[in-house]
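We did not get these values from a lab; they are worked out from the coordinates using the rules stated. Note that this is a predicted model, so its numbers are computed, not measured. Note that each Cβ is placed from the backbone with ideal geometry, even for glycine, and that neighbours are counted across all protein chains shown.
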Amino acid sequence: MPRSRLARQAAYGALLVLAVAVVSTSHGAFARARVSPPGIHVDVGPLRANAGDPTATWVAQYLPGQLAQGLAQRGARANVSVRIDYLTLGTNTGGLGPAGSSYDNIQGVATINGVETPVRATSSYYPSPVDQTMIEESNRDRVRQLTQTLAYWIVQDAAR
């Protein structure tokens, strides 16, 4: 085998090893880098005990950013702490709501500038045949929509 071919194969192998190392390191760093914006704290401990993961992780991933974005859009400056106690997703195959929708719920307690208030939000889920083959992605999107709805109501209270 010619030397140039061996050198090229060695270079490709080294590049592949480097790419795998970068990807695996970046995913680990991303998973640990979930830091809430200043003035915003989200506690998913009770939710993790009730619903487990990945649901609690998704809430911890989405809610702080949604709250920060909502507060920034409203020009509201508030210290917001949210404890999420429960999150339930309705059935994936259709429910009793309008057009066969099912209801997703989230509830907990928000503390806005030292004032504690129970919070709850509901969103509707309309099943799709595609969702049945991609249940985890569907559930993640449902959690994202639910936390967005909750963030909207919390921001409304904080902006008063």
Lys and Arg at +1, Asp and Glu at -1: add these up for the other residues within a Cβ distance under 13 Å of residue 55 and post the number. -1
Interchain or long-range residues, amide H under 5 Å from residue 95's placed H: 101, 102
Over region 37-158, consider all pairs of different Cα atoms and compute the Kirkwood hydrodynamic radius from their mean reciprocal separation; express it in Å, one decimal. 14.7
